[in-house]
Amino acid sequence: MDLFIASNRQLPIRYFVNEAIWIRRGGCSKHPQLTLPFFVEVEIKNSFNLQIITEYIYEFQRQYKQTEIQILIKDTSILDTIQEMLINNMLSNHSITIQQL
């Protein structure tokens, strides 16, 4: 997996086949760094489409008044890009923690 997204609320699964990004339910073993109960695994075959990840997070946040999100990312270039996109557009009442895996 390229990254994990965890939240205090159930996360939807999505498959963006043309963009080569798959967001699916996490496996049966939870990663030790994840502190929130619900998570999805994200596989990215084309890092040029990272905007899809931020749109996924914003769509999720708009459904609730308050959310907690934790993102664990393997690749440092993806980490920097996602961090820049999310930090510059933070929504109020929503917390996001981004860490390297």
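Could you please report the charge total around residue 45, scoring K, R as +1 and D, E as -1 over all other residues with beta-carbon less than 13 angstrom from its beta-carbon?
Working: positive: none; negative: 2, 19, 43, 75.
Combined, the nearby Lys, Arg, Asp and Glu give -4.
Quick one: Cα convex hull volume of segment 1-41, Å³ per residue?
Values: hull volume 2.7 nm³, N = 41.
Looking at segment 1-41, the number lands at 66 Å³ per residue.
Excluding ligands and nucleic acids, what accessible area in Å² is computed for residue 16 using a 1.4 Å probe, to the nearest 10?
About 60 Å², rounded to the nearest 10.
Tell me, what is the per residue accessible area of the chain in Å², probe radius 1.4 Å?
Values: 5650 Å² over 101 residues.
Accessible area per residue: 56 Å².
Which part of segment 53-70 falls in the paramagnetic zone of residue 14, meaning amide N under 16 Å from the point 7 Å along Cα-to-beta-carbon?
53-64, 69-70
What is the sum of charges around residue 60, taking Lys and Arg as +1, Asp and Glu as -1, for the other residues whose C-beta is under 13 Å from the C-beta of residue 60?
Summing Lys/Arg as +1 and Asp/Glu as -1 gives +1.
For segment 1-49, what is the charge dipole size about the Cα centre, in debye to the nearest 20, if Lys and Arg each add +1 at the Cβ and Asp and Glu each add -1 at the Cβ?
Values: 6 positive and 4 negative charges, 39 e Å.
I would put it at about 180 debye.
If you average 1/r over every pair of different alpha-carbon atoms in segment 23-75 and take one over that average, what Kirkwood value in Å do you get?
Values: mean 1/r = 0.0793 Å⁻¹.
Answer for segment 23-75: a Kirkwood hydrodynamic radius of 12.6 Å.
Rounded to the nearest 5, what % of the DSSP beta bridges within the chain are antiparallel ones?
Details: 18 of 25 bridges.
Percent antiparallel among DSSP bridges in the chain is about 70.
With Kirkwood's inverse mean 1/r over C-alpha pairs for Rh, give me the Rg to Rh ratio of segment 1-95, two decimals please. Don't skip to the end; give the middle numbers.
Working: Rg = 12.5 Å, Rh = 13.5 Å.
My calculation puts Rg/Rh at 0.92.
Only four residue types carry charge here, +1 at the Cβ of Lys and Arg and -1 at the Cβ of Asp and Glu. Report the dipole size of segment 12-83 about the Cα centre in Debye, rounded to the nearest 20. Don't jump to the answer; show the numbers that get you there.
Values: 8 positive and 8 negative charges, 53 e Å.
It comes to approximately 260 debye.
The values are calculated or read from the model by the stated rules, or taken from the named source; none is laboratory data. Keep in mind the model is a prediction, meaning the values are calculated, not measured. When we count neighbours, we look across all protein chains shown, and the Cβ atoms used for this are built from the backbone with ideal geometry, even at glycine. Side chains included, ligands, DNA and RNA excluded: accessible areas come from the protein's heavy atoms. Shrake-Rupley method; radii C 1.70, N 1.55, O 1.52, S 1.80 Å.
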